[in-house]
Amino acid sequence: MSRLLVVEDDKTIGDVLQTSLRRHGYDVSWRQTGREALEDATRGDFDLVLLDLGLPDLDGVEVCRRMRALAPAAVLVILTARQDEMDVVVGLEAGADDYLTKPVRLAELHARVRAHLRRRSTDGSGAAITIGALQLDVAGRRVSVGGIEISLRTKEFDLLARLAQEPGVAVSRSTLMNDVWDEHWYGSTKTLDVHIAALRRKLAESGADVPAPQISTLRGHGYRLERPDE
């Protein structure tokens, strides 16, 4: 049974989320403050965390950042009523894998949770991939550039692994969203751009003597992981 942590200060929303998720067979813990959630994260091994950014005691983005450090393997989904796209971007850059905007549609919530947990359960499959100085141990979920290991978040690794399956091939935005996030994606694809930017930065800052393959933007289409000789 997958373990979920819901962090939501609104009693009505929290109760609805907890009840609905439990009816779908998940083991759910619900906390109403950032401090309680962080304490739980130090003790529990959660598969997925639903984190409201508008918490009463701590800044939601800071909780997101600390939660990522405490539970690096968990899928972290932020919930936000904020309409400014920059708030979503900041949350994603703080460590979130995905986001949902309020009011949360339960059908969308369950579709996202299922997709994330399904991908998490199959993350250990696959062989090693080598593209120039870049090496991916798919089964071990480890990445190195020129022999120097770099740390990637869950979705950053999934995205890089997907691009590395077809080096030199243009992969559309819709394909990446379907394969890495959810085949029934409802919202903006801004999360894809944020994760690409983070990937580029981490690959460039690996400290290796040889450069990692570049990720090129194909405007109006998607992205391509370049082969070393291109």
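When segment 72-89 is filtered for residues that are touching a Leu at 6+ places or on another chain (Cβ under 9 Å) and open to solvent by 20 Å² or more (accessible area, probe 1.4 Å), the ones remaining, listed by number, are ALA81, ARG82, ASP87.
Can you tell which of ASP209, ASP193, ASP158 is open to solvent by 60 Å² or more (accessible area, probe 1.4 Å) and either closer than 30 Å to PRO103 by Cβ or charged (D, E, K, R) (or both)?
Details: ASP193 fails: open to solvent by 60 Å² or more (accessible area, probe 1.4 Å); ASP158 fails: open to solvent by 60 Å² or more (accessible area, probe 1.4 Å).
Being open to solvent by 60 Å² or more (accessible area, probe 1.4 Å) and either closer than 30 Å to PRO103 by Cβ or charged (D, E, K, R) (or both) holds for just one of ASP209, ASP193, ASP158, which is ASP209.
Listed conditions (1) open to solvent by 80 Å² or more (accessible area, probe 1.4 Å); (2) without any contact (Cβ under 8 Å) to a residue 12 or more places away in the chain are all met by THR19, apart from (1).
Screening VAL180, VAL145 for residues that are open to solvent by less than 60 Å² (accessible area, probe 1.4 Å) and in contact with a Pro (Cβ under 9 Å, 6 or more places away or on another chain) leaves exactly one candidate, VAL145.
The residue that is nearest to the chain's Cα centre (by Cα), among those in segment 165-176 that are crowded, with 17+ Cβ neighbours inside 10 Å and at pLDDT 90 or above, is LEU176. Considering (1) under 17 Å from ARG112 (Cα atoms); (2) open to solvent by less than 60 Å² (accessible area, probe 1.4 Å); (3) in a helix (DSSP H, G or I); (4) of a type in the set (A, V, I, L, M, F, W, C), the lone condition that VAL49 does not fulfil carries the number (3).
The values are calculated or read from the model by the stated rules, or taken from the named source; none is laboratory data. Quick caveat, the model's predicted, so the values are computed rather than measured. Cβ atoms come from the backbone with ideal geometry, glycine included; neighbour counts cover every protein chain shown. Surface areas here come from the heavy atoms of the whole protein model, side chains and all, with no ligands, DNA or RNA. Shrake-Rupley method; radii C 1.70, N 1.55, O 1.52, S 1.80 Å.
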